[in-house]
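Engineer: Below you'll find the structure I mean.
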Amino acid sequence: MFVSLLVLLAACDSIGSQSSVPRMPVNVTIDTRQGEFVHFTPEALNTYVIIDKDGYHYNGHDIPLPFTGAFGCGGVLVYVNILGGYSAYDLACPYCYPKGHIESCKVDAPFATCPRCGEIYDISGGIGVPTKGIGNECLRSLPLTYVNSVIRIQQ
């Protein structure tokens, strides 16, 4: 499995840092010591939070928290990956976005699926690599910091 992960990393690295999904403002903070997020720890594999214009969605359940930050092109996915850490992605499909189709990928951990083209992105290893071969770009990764139980994604 480790060798497969290295191959996937190399595949996405060969694309370079360019992405078909533009770099849009993101400003998200999740305090894992408070409220509904107390169980969103680095040990809780396959758990996730999606942040979009409608607010926060923890493991598919809407959370009654106001959202006032920025959330990229297709919403932000924060995911606990198999490496025991957090990953963050813009959920806009890099295959469909350049064609003018801005639909957020739907998450069913450990995968995110584009509802338009059907590409499935494996988010388990912290990369967001396409698995069906429809697209050749990984989901856009977002810069994430985790300090004192607070997750912050800003770009």
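Engineer: Are there any trypsin sites (Lys or Arg not before Pro) in the range 65-123 that are in a DSSP loop and have at most 15 other Cβ atoms within 10 Å? List them by number.
Structural biologist: R116
Engineer: Still on this structure, please answer the following. Can you tell me which lysines have their Cα less than 25 Å from the Cα of K132? Leave out same-chain residues fewer than eight positions away.
Structural biologist: K99, K106
Engineer: Counting heavy atoms of the protein chains only and a 1.4 Å probe, report the per residue accessible area for the chain as a whole number of Å².
Structural biologist: For the chain, the per-residue accessible area is 51 Å².
Engineer: Only one of the values (1) -0.54, -0.67, -0.98; (2) -0.25, -0.38, -0.83; (3) -0.33, -0.49, -1.01 was calculated from this structure for log10 I(q)/I(0) by the Debye sum over Cα atoms at q = 0.09, 0.11, 0.16 Å⁻¹; name its label.
Structural biologist: (2)
Engineer: Only Cα pairs under 8 Å and at least 6 apart count here; give the relative contact order of the range 51-111 as a rounded whole percent.
Structural biologist: That works out to 24 percent.
Engineer: Give me the number: length gained by fully extending H101 to H39, i.e. 0.36 nm times residue separation minus the C-alpha to C-alpha distance, one decimal in nm.
Structural biologist: Extra length from H101 to H39 when fully extended: 18.9 nm.
Engineer: Separate question: Using r as the Cβ-Cβ distance of I63 and N136, and R0 as 41 Å, what FRET efficiency do you calculate, to the nearest 0.05?
Structural biologist: Plugging the Cβ-Cβ distance into 1/(1 + (r/R0)^6) gives 0.75.
Engineer: Would you mind counting up the charge near T47? Only other residues with Cβ under 13 Å from its Cβ, with Lys and Arg at +1 and Asp and Glu at -1.
Structural biologist: Surrounding charge for T47 is -3.
Engineer: Further question: So what is the relative contact order of the range 104-155, in percent, for Cα pairs below 8 Å that sit 6 or more residues apart?
Structural biologist: Relative contact order here is 19 percent.
Engineer: Given Cα pairs under 8 Å that are at least 6 residues apart, what percent is the relative contact order of the range 44-155?
Structural biologist: With pairs under 8 Å counted, the relative contact order is 19 percent.
Engineer: Related question: Could you give me D for the range 97-141, from Stokes-Einstein at 10 °C and 1.306 mPa s, where the hydrodynamic radius is the Kirkwood radius over C-alpha pairs? Units µm² s⁻¹, please.
Structural biologist: My calculation gives 151 µm²/s for D.
Engineer: Write down the radius of gyration of the range 71-155 and its Dmax, each obtained from C-alpha positions, in Å.
Structural biologist: Considering the range 71-155 through its Cα atoms, Rg and Dmax are 12.4, 41 Å.
The values are calculated or read from the model by the stated rules, or taken from the named source; none is laboratory data. Note that the structure is predicted; figures quoted are calculated from it, not measured. Cβ: placed from backbone, ideal geometry, glycine included. Neighbour counts: every protein chain shown. What goes into the accessible areas is simple: the full protein's heavy atoms, side chains included, and nothing from ligands, DNA or RNA. Shrake-Rupley method; radii C 1.70, N 1.55, O 1.52, S 1.80 Å.
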